[in-house]
Amino acid sequence: MVRQRKWQHDFWFVASFAILGLYLLFMVYPLSTVVRQSVVDETTGRFSLRYMRQFFSQPYYYRTLLNSFKVAITTGFAAVIVGTPLAYLYTMYEVRGRKTLQLLIILSSMSAPFIGAYAWILLLGRAGAITKFIQTTFGYTIPNIYGFSGILLVLTTKLFPLVFLYVSGALKNVDNSLLEASANMGCTGVKRFFTVVLPLCMPSILAASLMVFMRALADFGTPLMIGEGYMTFPVIIYNQYIGEVGTNQNFASAISVIAIIITLCFFLVQRYLSNRHSFSMSAMHSLERKKASAVGNFFIHLYAYGVVAISLLPQVYLIFLSFRKTSTAGIVFLEGYSLKSYQQVFSNMGGSIWNTIRICGIALFIIIVLAILISYLVVRRRNITNAIIDSLSMIPYIIPGAVVGISLITSFNNPYLPLVGTATIMIVSMVIRRIPYTIRSSVAILSQIPLSIDEAAESLGAGKIKTLVQITVPMMLNGIFAGAIMSWVTLITELSSSILLYSFRTQTLNVAIYTMVAKGADGRACALSTILMLFTVASLLLFNKFSKDGEIML
Amino acid sequence: MESWIKIRNAMKKYGDFVAIPDISLDIARGEFFTLLGPSGCGKTTLLRMIAGFNTIEGGEFYFGDRLINDLDPAKRNIGMVFQNYAIFPHLSVRKNVAFGLTNRKFPQETIQRQATKFMKLMKIEEYADRLPEKLSGGQQQRVALARALAIEPEVLLMDEPLSNLDAKLRVEMREVIKEIQNRLRITTVYVTHDQEEAMAVSDRIAVMDRGTIQQIGSPKELYQRPSNLFVATFLGRTNILDATLYLSEDGNGLHFAGGYDLPMPNLKNVKNGQRVAVSVRPEELVIKEGEDVGRGKCLMAKVVYSTFLGLNTHYIVELENEKRVEIIQESQIYDIIENGTVIGLTIKAEKINVFTEDGLTSLVK
Ligand SMILES: Nc1ncnc2c1ncn2[C@@H]1O[C@H](COP(=O)(O)OP(=O)(O)O)[C@@H](O)[C@H]1O
Ligand SMILES: [Mg+2]
């Protein structure tokens, strides 16, 4: 008996230290390498701030920082302006096809932004389908979408769903009696929206807009694709690292460190604001949906479905293109339809489909197992080691994907652990990037399970491991599974670190699309993104089947 | 009476905070023993020490002759019922009840037979294959009880098991618990802050306050002969009156303000002129009207208001020193005494309790 107890003790002890070891090896060590590189002169090997100085002294570089801010802030505002009314109308009024609408909104956020950028270029670019159509029929040339406005369009249509999800989640917790009370005091309609509803949702709007901000700041596929001369700093990092001319790893590291510091500042501001503005709501009677007047009803549907249609247009157009006939090389679209793009894809690039399943599948499995263990350690076994693990697990929140990629390459390009080019390094980066979200949601789920459940199992003679396996994990599973599907979708559309880490043996769908698209219009790219989209839709439907209330956490 | 659970000088600290300084207890085999006290007095803490979920900072805990201080909770052979039931939501009722049995590696057949037996006993057999979330609070409580009992534990521990139920179900379930305990004769430690519930189910009650035991006794002893003012006020309702003791040739007694003297033959350790606190329960006061009323013959009071509750009528009256006192009288067929009426009160001397002025010691033999 004593021995068994000791062994159980040892299990968590070992788990703690194993996890700590993994974090040290795959996160702390690589990041410290990047930090070191950023302040060391590449020729003399001595401490030097020349890269930092270089960044802030040349407009070519520091302007990218300003550009990034401009993009992130405007995208944040635009996403709130689009997403908040949508959430409000969706929650307050009867909308036809509610479930489908929600699914479509979520779907529009779930492809890599660069694919959207690519499709928008095909639609509105210089030779885009819509551009040409308007030119031939009206003789009018629409303003070009390259640069800032294109980036804003792409990112807003990708990121407003975040605001929608956060705000409709908050509205779900607003008690109907609050609205009735304000109506009672003569406050209704638009006035009530601004004086009662909006303030109640403010914490969520704030949280969502900062989330949008951070994502827009870190995204680099979009500006690379549609920005043309408009450079943001993730693009600079990428160019400095693997660009065609004048790469400089130390300089790339310096920019990475700057990026981390900036992201950290915003993360802290978000923490501070949301702590200050948080209040808890839980509705006994949730809002009752009303039927709007005929005119109102028309505009509500117009708005809701209009937004969704615009956001999904690029993906739909890609599907359409994937069935078009192409030239033999697959590069030029011709009149008529065929399945040739798919044939080419399956004969040449079946590997990337398999890679996606293999690499993302393994990453997902590791994420789930680690997240369960870590959340258990953090919630049920508080001690110093586990507190350290808890803090470490939050770090990837503030590390842009490109930086994760760079740090891993720099650190594992050695004879002892030669991981560069392997599937392992891809898996590691995916785990690092996604695991904080899974840990947070597992911690939330586990905190909901009262300790007395564990104690009940124990008093009924179940050991600690048995309790974990038979009671705790099954109780968490529902929530974890729903979260896992969301993780799966983010993993298969991950780009910013995979693009740095892939080799021809580990090329995933998303990377394959990117490399093809970067070379120009291509039927195969369209076919691949259609396949990727199918994956996503299937995952979403699966999610809807398994999640209790269709509640989605991102 | 064979003592089964023995606690010797138990001490519990949370960090620097001493939740329980020093408790010793003996609980007999088959006894229904209750820990009663206000919220935060350490009942749960003590119970969890018995269960093995709390560390023990001092003292010894025995089941029979076996020291259990370092025994794993899983090995203590206890059944525990939690305040929030702690039913496994992903397992059917049957699997919940059978859970403890499966951990003991009984043959499948035995497990099923035993589970069915206890589901029948708790009258939840018809829900056997449902998930618990579909059940009402009372039914969930039955599942929790069946699950705890199915392993035929040596000790049953219950922490405020009824506090999440509504008033009516609470009364119903406490009858169920009492009856099952009577039938199985399983040693039970029950925690509650509800004194009525404690009196309804217990063989003996330990009244606790701030981590210490104030008194242990049967419900009747505790109610009628509380050993200090805390117990007197915590169990049942009571009025606390100030009085002075007098000792004389004809016998001792209490002298109340307003000139009312009450002979009390059953006092101990008393001094002449000693100030005391007298606990008089509402039913220990008798209302006098007409002839018998007068200074010196009784306490004078004025009716403030009354409440008719069917069986009894409650009067709130004000004494001459402006102290308010509650009286419970069996309802009479004639009219309720009107507000403002001046009445006299006498006291049933054999029932009341007298304490030192600080309330710590009883002066009744
Ligand atoms: N885990 C804990 N850590 C610190 N203090 C605690 C803990 N549990 C209980 N206490 C304190 O110990 C005292 C007794 O608590 P408890 O046993 O829960 O009381 P009861 O069950 O009688 O309401 C309280 O003052 C409470 O605040
Ligand atoms: Mg308690």
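Structure data summary
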item	result
Rounded, prolate or oblate (a/c below 1.5 giving rounded, otherwise prolate when a/b exceeds b/c) for segment B:1-61 by Cα gyration tensor	prolate
Calculated on alpha-carbon atoms, Rg and Dmax of segment A:160-313 in Å	21.5, 68
Reachable lysines from B:LYS12, criterion Cα separation under 16 angstrom, eight or more residues apart if same chain	B:LYS43
Modelled FRET efficiency - R0 51 Å, A:ARG505 with A:GLU335, Cβ distances, 0.05 increments	0.85
Virtual spin-label span in nm between A:LEU451 and B:ARG183, 7 Å along Cα→Cβ	3.5 nm
Total charge dipole magnitude, the protein assembly as shown, about the Cα centre, Cβ charges on Lys, Arg, Asp, Glu only, Debye to nearest 20	3680 debye
Partner aspartates and glutamates for B:LYS220 [C-alpha distance under 14 Å; skip if fewer than 8 residues away on the same chain]	B:GLU196, B:GLU197, B:ASP203
Potential lengthening between A:ILE261 and A:LYS545 on full extension [0.36 nm per residue; Cα-Cα distance subtracted]	98.2 nm
In segment B:237-356, lysine pairs with alpha-carbon atoms under 22 angstrom apart (chain gap of 8 or more, or interchain)	15
Fraction in percent of alpha-carbon pairs per bin - 5 Å, segment A:34-172	2, 9, 12, 12, 12, 12, 12, 10, 7, 5, 3, 2, 1, 0
For the protein assembly as shown, alpha-carbon Rg relative to the globular expectation (2.2 N^0.38 Å, N residues)	1.27
Percentage of interatomic Cα-Cα distances in segment A:347-554 larger than 23 Å	52 percent
Largest to smallest principal axis extent of the C-alpha atoms in segment B:3-233, angstrom	51, 40, 31
Prolate/oblate/rounded label for segment A:120-249 (Cα gyration tensor, a/c 1.5)	oblate
Segment A:169-200-segment B:254-296 distance, computed between alpha-carbon centres (Å)	62 Å
Sequence-distant aspartates and glutamates (8 or more away, or on other chains) whose Cα lies within less than 15 Å of B:LYS365	B:GLU221, B:GLU350
Kyte-Doolittle at least 0.0, axis length at least 20 Å by Cα - qualifying DSSP helices, chain A	A:2-23, A:59-92, A:148-172, A:198-218, A:249-276, A:294-322, A:340-380, A:423-448, A:473-492, A:523-546
Length-normalised contact order for segment B:237-356 - Cα pairs under 8 Å, 6+ apart - percent	29 percent
Percentage relative contact order, chain B, counting C-alpha pairs under 8 Å, at least six apart	15 percent
Relative contact order (%) - criterion: Cα under 8 Å, at least six apart; region: segment A:352-446	49 percent
Shielded by partner chains, segment A:463-479 residues - at least 50 Å² of accessible area, 1.4 Å probe, vs chain alone	A:ILE471
Segment A:506-547: trypsin sites (Lys or Arg not before Pro) falling in loop per DSSP and having at most 14 other Cβ within 10 Å	none
At most 15 other Cβ within 10 Å, DSSP loop - trypsin sites (Lys or Arg not before Pro), segment A:18-68	A:ARG46
Solvent exposure of segment A:320-383 as accessible area per residue, Å², 1.4 Å probe	50 Å²
Area hidden from solvent between B and A (accessible, protein heavy atoms only, 1.4 Å, total, Å²)	2000 Å²
Whole-Å distance, taken between Cα centres, linking segment A:440-462 and segment A:15-35	29 Å
Using alpha-carbon coordinates, inclination of helix B:137-150 to the longest axis of chain B, degrees	60 degrees
D (Stokes-Einstein, µm²/s), Kirkwood Cα radius, segment B:237-356, 1.567 mPa s at 4 °C	87 µm²/s
Cα-only Debye scattering, segment A:402-525: base-10 log of I(q)/I(0) at q = 0.12, 0.16, 0.18 Å⁻¹	-0.64, -0.86, -0.95
Centre separation in Å (Cα based) which lies between segment B:159-178 and segment A:356-415	47 Å
P(r) of segment B:44-136 over all Cα-Cα pairs, binned every 5 Å from zero, in whole percent	2, 12, 19, 19, 15, 15, 11, 6, 2, 0
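The values are calculated or read from the model by the stated rules, or taken from the named source; none is laboratory data. Computed from a prediction, not measured in an experiment: that's the story for all the values here. Virtual Cβ from ideal backbone geometry, glycine too; neighbours counted across all protein chains shown. Quick note on the areas: whole protein, heavy atoms, side chains included, nothing else; ligands and nucleic acids left out. Shrake-Rupley method; radii C 1.70, N 1.55, O 1.52, S 1.80 Å.
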